[in-house]
There are 2 protein chains.
Amino acid sequence: MVVEMESRKRVGYHVERDVMDEIVVDSVADKLDVTTSVKDKLKESMRCSGPQVKSCFLSCIPLLAWLPRYPFKENAFGDLVSGISVGIMHLPQGMAYALLAAVPPVFGLYSSFYPILIYFIFGTSKHISVGTYAVMSVMIGSVTERLAPDSDFTLWNNISNSSEINFEARDIERVKIAAAVTFLSGIFQLLLGLVQFGFVVTYLSEPLVRAYTTAAAIHVIVSQLKYSFGISATRFSGPLSLIYTVLEVCSLLGQTNIGTLVVSIVTIVCLIIAKELNSWLARKLPVPVPVELIAIIIATVLSWQFDFKTEYKVEVVGSIPSGLQPPKLPAFSMMGSMIGDAFALAVVGYGIAISLGRIFALKYGYKVDSNQELVALGLSNSIGGVFQCFAISCSMSRTMVQISTGGKTQVAGALSAIVMLVILLWIGSLFEDLPKAVLAAIIYVNLHGMMKQFADIPSLWRSNKVDMLVWLVTFVLTLLLNPDLGLAASIAFSMLTVIFRTQLPKYSLLGQVPGTDIYRPVEDYNQVTQIPGIVIFRSSATLYFANAEMYTDHLYEKSGVDVTKLLNHKKKLEAKRLRQEKKEAKKKAKETVEVSELTGNGQQSGKDVVVVVAGPQLDPSLDPSLPKAIILDLSPVNFLDTVGVKTLRNIIKDYGDAGVKVFLSGCQSCVIENLETGDFFSEKITKAVIFSTVHDAVLHCQEEDTKKLKNGTHF
Amino acid sequence: MVVEMESRKRVGYHVERDVMDEIVVDSVADKLDVTTSVKDKLKESMRCSGPQVKSCFLSCIPLLAWLPRYPFKENAFGDLVSGISVGIMHLPQGMAYALLAAVPPVFGLYSSFYPILIYFIFGTSKHISVGTYAVMSVMIGSVTERLAPDSDFTLWNNISNSSEINFEARDIERVKIAAAVTFLSGIFQLLLGLVQFGFVVTYLSEPLVRAYTTAAAIHVIVSQLKYSFGISATRFSGPLSLIYTVLEVCSLLGQTNIGTLVVSIVTIVCLIIAKELNSWLARKLPVPVPVELIAIIIATVLSWQFDFKTEYKVEVVGSIPSGLQPPKLPAFSMMGSMIGDAFALAVVGYGIAISLGRIFALKYGYKVDSNQELVALGLSNSIGGVFQCFAISCSMSRTMVQISTGGKTQVAGALSAIVMLVILLWIGSLFEDLPKAVLAAIIYVNLHGMMKQFADIPSLWRSNKVDMLVWLVTFVLTLLLNPDLGLAASIAFSMLTVIFRTQLPKYSLLGQVPGTDIYRPVEDYNQVTQIPGIVIFRSSATLYFANAEMYTDHLYEKSGVDVTKLLNHKKKLEAKRLRQEKKEAKKKAKETVEVSELTGNGQQSGKDVVVVVAGPQLDPSLDPSLPKAIILDLSPVNFLDTVGVKTLRNIIKDYGDAGVKVFLSGCQSCVIENLETGDFFSEKITKAVIFSTVHDAVLHCQEEDTKKLKNGTHF
């Protein structure tokens, strides 16, 4: 092993070539001059052929591509078991999340049916379980309760002199609102998918998504507190509503319904124990125990048997109509006031679904098409909106069950939808006596995984402070500004971090690693020293408008050449010289007039004086403290904007005036292009100032220097 | 010359060293392990000493530093002439810009007095002429007219049955508003200066500032149309107000006051001719003719002589009180509704002043301290606000005059303030009969320089399309959303362009320039070819959350290795092999049980089978289409966030599983730091995967390959 290490070290790096500037490289490597015009690009993308149309059609409706090739023998059993298990999970989750969305529970069941069928046809992920999702539901809840608050439906009872809420009218209105915002968010997703904007999801970086879901989970929990305590708190909307809600709940704690609280606590404790048991038994059982289903069945039976509703005033789910409802056009007139919410729903729903989809696609070796996913979710939501569903995405817990019970394709999803249909048609109405507190308990227990994401903070603190900042800011913004506005603000902040990161780069002087062509920052290494007379400067970031000024400042500082002072000093000196020379010229003129007749060279000496005055260059050899050359290593530069090009041009000009030559090295081809279009090159500045590597530039400078010395001794 | 070119080309690049990975470089160059803790950094910055306190004090009040050393002989005359010239310019501009700010003209004169004196004490730029500025004035005008609209001061005249505006009360209210917003913007500037936030100005890139001032100039012109036509249009505020105003003016054109229109046209024509003459005569005259002053004198005399006000109903300036007014505390109660406007004023005022200041500092060889400038402007505005001034910045036209008439220091500014004091005390009231249309004309003529900035569009189109987009978007946003909101939106957009630019990088495969250690994109050069068996991949941009996914996708595509398919295929193969081997093992086990007694090596062969099953690596030599190694050139990477680190880790793992080795090259030290803190390195992945240059990595791969071949033949 040691021998191998040593032998590897001894691999020789041997290069013997000419020093090459950009011109030489271009000629040796024979640079191509191909620029595709916009027109050609358009033509290219518009081209169309028979097989292309077919594959395009198939990629629009993936079902047609994969269903005919469905390996029935291998997959059917797994998909069936998995479909039934997931379908059973849909029932409690659908009803619970309907509470979050502030609509009657049956609409949560609808949302677990229609969208899943549509995703089955258009979706490309085989493993994710689309359907109701806590974060989305709470976002919808904030819309429904903002646009149809309880106060709008208060009826004044003249006889008892008290006010009462017209629950029926309120719920009808809220379902309308939820359907409208769902429809609109589906349309947004569809449009984004059609213009191939799937890439927007890349703005949702991992720390952002995790912090966002954590904060959203807290929103969810807070919104459910009233059901657990059996109090009737008003829901607030707008920024800071979370804080107002918590305060309201605290102030109403005195009115807690003991019956409800007991139901809540018992359910939560039982669920946690059962879940722990379940995960402990997971290896031994082929199918996990449907804990939540058992919980709601037991709760319903107990509630019905002991009449919780009238005996203990425990709030129950209420009437669940059997069967499906006919489609209804969404309320277009409402949509003006919910554009922002719908957009946030569209982005969040897609973001969650695609990131889960990708994880499992990677794991099981297939691809999800991000644009097709947008289309699939968009269709699910917009068609779902017509059938009065609320917006869906995909849930981690159901997806895990779907996979662990042997689900292999979207067929499992379709089967779970059929289970839902059975429930909707025949079983649903049995759950009318289920206490709402049980559903709230199911929500809490489902969210405890999200709370584990707080562990991200210490781990990000160790690995990347800026990303930790993104996490914290996203969390706080989402908490304070609610999931919709908070998302926009968080994305804006996470983009700003990119600016921050490139705005405060590390500026270093480079020196040579002894005996090599490798250049490293002198402050990082003991054995790296600057090359005498040559300043090699590198910024760790792209040079652009936000840091261009700092680049110049640091270059001045690090190179030890204060160009402004130098130029100022030079100007003064020149002005002085000019005056003196004028005087002398006058004197000389007098003298020459006197002498010219004798020698005939008066004109000659006059010209000499003019040459000295006009020469704007101060010979650097006059000032030994000045470096002979400056090399700017531009290898970390990704692009140059006009400010960047201008900065480089000014540096070359200013130092040039002071007699210091400036060379560039390590420019990428796109940077050179930017320089070309930015009118950087002129008669004075050619591509010969650009060198492939720092070492090329250094060798060039040293060669010039020795040449100058030689010339000096020659003449 | 030709000989020199040739000889330069022949400079040798000769390197003879070992191939070096990061570990070797670190040991050869002796890497330092210095990390300053946050605590030490704080201590460093808190350190304080006697001379430091003194220099800090002097840098806070620059006057004390430079005035004692004022070269009286050299500068005094120039400053005096320049001060008087600029003072004379302040008079018409101050009155005109007061119109823009919708306050009585005398407050424009105050604004040309107090702030200038304060800047004289605290400012660091010697050449800029601070004072009223058109863009700032129009921004203040939008605040005053929004918070104190005409409609609030309408009096119903019962006798004539018509409404009339209580101009006096309105103007008092507007002055109060203008002073409050000015005070607040000054406080913002002061705070920003004290926390050393001068760098925010770097967000105002040149294309942005130029587009912004152009759009603001159009706002200014539109707001003055009513004075030129003598119509009484209401001013709109909020987004799209520009369009509403133009429509309103067009609809009211029928009510044009002919007298006012004639005065406008005559003044504009005369001013343009006079300005052209002035610039033509500029070289011959020591001091430019004060065209604007002459214009207002002639106009005032004519208006007074022929009684424009009553004869032709031309609107005139009205009463100008002599003398100064006592300071008043600003209306703090109003400030809540003007925070946004005040912040926009603070940023714009500072942005304009600092960019002009820098231009002239560079030209005349001194430095302006960006944070001290913020403090100086902040004090000017906040103290000015107490004296009922409106917000100031600095004006290009006055600055040019100040310099061209020989101004050399801030003394010129102070003298111009004294000129203003004289005007305020004794002369101001003489201009009461000046038509407002003349002031509007002065504004137009002063702004025609801004219109020349439209020429930026074609020049940016040629040099940098993204910057042209920034120009256009800034222009349109400022036009539509007004200068305050428009500025914020434009800055946000210009930051987004940085994301866009790094989000769609160019991905290339690199090849070797023949006979060198230089690697360039193969698609750009004819003579550059890929090295067989090695894929060298580079993205032109930093690898971070917004493009991490694309990086992987393009790597898969360009390298021709579909890792997901490969892994999938491999898994299936392995599963098959596993089953087969199980069968065989069973068979063998049976056999060995039968044979073991004979040979005694049953256990041995069993072990062999296990080794084959457990080995997760597919030998790449099995699939000749696979590359042997992939080298990722990370030299353009500026930083890595957690997503970037994770992406690299996944790439190394996925390709590693497929039997392809991955190496990194050209990492900056900060990138290596990011990798270290991001837990990139492990027992399997050490710093030995990082090479200094691409060529090092290539040589290492080739060496490994030949070693393998040798080993292959040996055994």
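The values are calculated or read from the model by the stated rules, or taken from the named source; none is laboratory data. Just so you know, these numbers come straight off a predicted model, no measurement behind them. All Cβ positions, even for glycine, are placed from backbone atoms using ideal geometry, and neighbour counts span all protein chains on display. Surface accessibility is based on the protein's heavy atoms, side chains included, excluding ligands, DNA and RNA. Shrake-Rupley method; radii C 1.70, N 1.55, O 1.52, S 1.80 Å.
Yes/no per residue for (1) modelled with pLDDT under 85; (2) assigned by TED's automatic domain parsing to the domain that holds B:A437; (3) closer than 30 Å to A:N526 by Cα:
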{"residue": "B:I23", "(1), (2), (3)": "yes, no, yes"}
{"residue": "B:L42", "(1), (2), (3)": "yes, no, yes"}
{"residue": "B:Q52", "(1), (2), (3)": "yes, no, no"}
{"residue": "B:C60", "(1), (2), (3)": "yes, no, no"}
{"residue": "B:L67", "(1), (2), (3)": "no, no, no"}
{"residue": "B:V86", "(1), (2), (3)": "no, yes, no"}
{"residue": "B:G123", "(1), (2), (3)": "no, yes, no"}
{"residue": "B:V135", "(1), (2), (3)": "no, yes, no"}
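Taking B:V263 as the residue in question, decide whether it is within 24 Å of B:V222 (Cα to Cα), at pLDDT 85 or above and open to solvent by 60 Å² or more (accessible area, probe 1.4 Å).
No, not satisfied.
Just one of (1) part of a helix (DSSP H, G or I); (2) within 14 Å of another protein chain (Cβ to nearest Cβ); (3) of a type in the set (D, E, K, R) trips up A:D341, so point out which.
So A:D341 meets the others, but not (2).
Might you let me know whether region A:168-190 holds any residue that is more than 25 Å from the chain's Cα centre (by Cα), over 21 Å from A:P321 (Cα atoms) and open to solvent by less than 20 Å² (accessible area, probe 1.4 Å)?
yes
Right, B:T474: among the β-branched types (V, I, T), touching a residue at least 60 places away in the same chain (Cβ under 8 Å), out of contact with any Asp or Glu (no Cβ under 7 Å at 6 or more places or on another chain) and away from chain A (no Cβ under 14 Å) or not?
no
Hey, among the residues in region A:331-368 that are modelled with pLDDT under 90 and in contact with a Gly (Cβ under 8 Å, 6 or more places away or on another chain), which one's most open to solvent (accessible area, probe 1.4 Å)?
That would be A:V368.
Conditions (1) more than 10 Å from chain A (Cβ to nearest Cβ); (2) in a helix (DSSP H, G or I); (3) surrounded by fewer than 23 Cβ atoms within 10 Å (Cβ to Cβ), marked per residue:
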| residue | (1), (2), (3) |
| --- | --- |
| B:I491 | yes, yes, yes |
| B:S494 | no, yes, no |
| B:I499 | no, yes, yes |
| B:E523 | no, yes, yes |
| B:I531 | yes, no, yes |
| B:F537 | yes, no, yes |
| B:A541 | no, no, no |
| B:E549 | no, yes, yes |
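Looking at region B:232-244, which of its residues are closer than 21 Å to B:F167 by Cα, open to solvent by less than 60 Å² (accessible area, probe 1.4 Å), modelled with pLDDT of 75 or more and of a type in the set (S, T, N, Q)?
Listed by number, the list is empty, since nothing qualifies.
Considering only residues that are more than 7 Å from chain B (Cβ to nearest Cβ) and modelled with pLDDT of 65 or more, look in region A:25-40 and name the one that is least open to solvent (accessible area, probe 1.4 Å). Steps first, please.
From region A:25-40, those more than 7 Å from chain B (Cβ to nearest Cβ) are A:26-27, A:33-40; that's our starting set.
Pick out the ones that are also modelled with pLDDT of 65 or more and you get A:26-27, A:33, A:39-40.
Working: A:D26: 27, A:S27: 84, A:D33: 143, A:K39: 146, A:D40: 76 Å².
Checked region A:25-40; the qualifying residue least open to solvent (accessible area, probe 1.4 Å) is A:D26.
Which ones in region B:449-469 are surrounded by fewer than 20 Cβ atoms within 10 Å (Cβ to Cβ) and either outside any helix (DSSP H, G or I) or in contact (Cβ under 8 Å) with a residue 24 or more places away in the chain (or both)?
B:G449, B:M451, B:Q453, B:F454, B:V466, B:L469
Can you tell me which residue among A:F500, A:F537 is closer than 30 Å to A:G349 by Cβ and not polar (S, T, N, Q)?
None of the other options fit; the residue is A:F500.
So which pairs qualify, if the first residue must be in region B:266-292 and touching a residue at least 60 places away in the same chain (Cβ under 8 Å), the second must be aromatic (F, W, Y) and assigned to a helix (DSSP H, G or I), the Cβ gap must be under 8 Å, and the two must be at least 6 apart or on different chains?
Sorted first by the residue in region B:266-292, then by its partner, the pairs are B:I268/B:Y444.
Let me confirm something: among A:T245, A:T213, which residue is among the polar types (S, T, N, Q), without any contact (Cβ under 8 Å) to a residue 40 or more places away in the chain and assigned by TED's automatic domain parsing to the domain that holds A:I354?
Result of the check over A:T245, A:T213: A:T245.
Considering only residues of region A:191-223 that are more than 27 Å from A:F236 (Cα to Cα) and β-branched (V, I, T), which is most open to solvent (accessible area, probe 1.4 Å)?
A:V195
Taking the options A:N482, A:N526, name whichever one is more than 26 Å from A:V637 (Cβ to Cβ) and touching a Ser or Thr at 6+ places or on another chain (Cβ under 9 Å).
Answer to the check: A:N482.
Conditions: (1) more than 7 Å from chain B (Cβ to nearest Cβ); (2) more than 17 Å from A:D641 (Cβ to Cβ). A:G515 meets all but one. Number of the miss?
(1)
What tally of residues in region A:493-545 results from selecting those that are closer than 17 Å to B:V200 by Cα and hydrophobic (A, V, I, L, M, F, W, C)?
Result for region A:493-545: 9.
Quick check on A:L664: is it touching a residue at least 24 places away in the same chain (Cβ under 8 Å), in a strand (DSSP E or B) and crowded, with 18+ Cβ neighbours inside 10 Å?
Taking the combined requirement at face value, the residue satisfies it.
For every residue, the table says whether it meets (1) acidic (D, E); (2) closer than 21 Å to A:A29 by Cβ.
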| site | (1), (2) |
| --- | --- |
| B:Q503 | no, no |
| B:Y507 | no, yes |
| B:Q512 | no, yes |
| B:I518 | no, yes |
| B:D524 | yes, yes |
| B:L543 | no, no |
| B:M550 | no, no |
| B:E557 | yes, no |
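For region A:379-398, which positions are part of a helix (DSSP H, G or I) and buried (at least 20 other Cβ atoms within 10 Å of the Cβ)?
Answer for region A:379-398, where residues must be part of a helix (DSSP H, G or I) and buried (at least 20 other Cβ atoms within 10 Å of the Cβ): A:L379, A:S380, A:N381, A:S382, A:G384, A:G385, A:R398.
Give A:G428, A:G406 a once-over and let me know the one that is surrounded by fewer than 20 Cβ atoms within 10 Å (Cβ to Cβ) and at pLDDT below 85.
So the residue among A:G428, A:G406 that is surrounded by fewer than 20 Cβ atoms within 10 Å (Cβ to Cβ) and at pLDDT below 85 is A:G406.
When you look at B:V401, is it open to solvent by 10 Å² or more (accessible area, probe 1.4 Å) and modelled with pLDDT of 85 or more, yes or no?
Against the criterion (open to solvent by 10 Å² or more (accessible area, probe 1.4 Å) and modelled with pLDDT of 85 or more), B:V401 does not qualify.
Output the residues belonging to region B:119-133 that are more than 14 Å from B:G87 (Cα to Cα), of a type in the set (V, I, T) and assigned to a loop (DSSP other than H, G, I, E, B).
B:T124
Being open to solvent by 20 Å² or more (accessible area, probe 1.4 Å) and facing chain B (nearest Cβ under 10 Å) is the filter here, so list the residues in region A:674-691 that pass it.
A:N674, A:E676, A:T677, A:D679
Of the conditions (1) crowded, with 22+ Cβ neighbours inside 10 Å; (2) on the phi > 0 side of the Ramachandran plot; (3) more than 9 Å from every other protein chain (Cβ to nearest Cβ), B:G659 satisfies every one except a single condition; which number is it?
(1)
Does A:G606 meet the test of being open to solvent by less than 80 Å² (accessible area, probe 1.4 Å), part of a helix (DSSP H, G or I) and either outside the structural domain of A:T706 (by TED's automatic domain parsing) or modelled with pLDDT under 70 (or both)?
yes
Look at A:E311 and say whether it is away from chain B (no Cβ under 14 Å), in contact (Cβ under 8 Å) with a residue 40 or more places away in the chain, open to solvent by 20 Å² or more (accessible area, probe 1.4 Å) and closer than 28 Å to A:S232 by Cα.
So A:E311 fits the description; yes.
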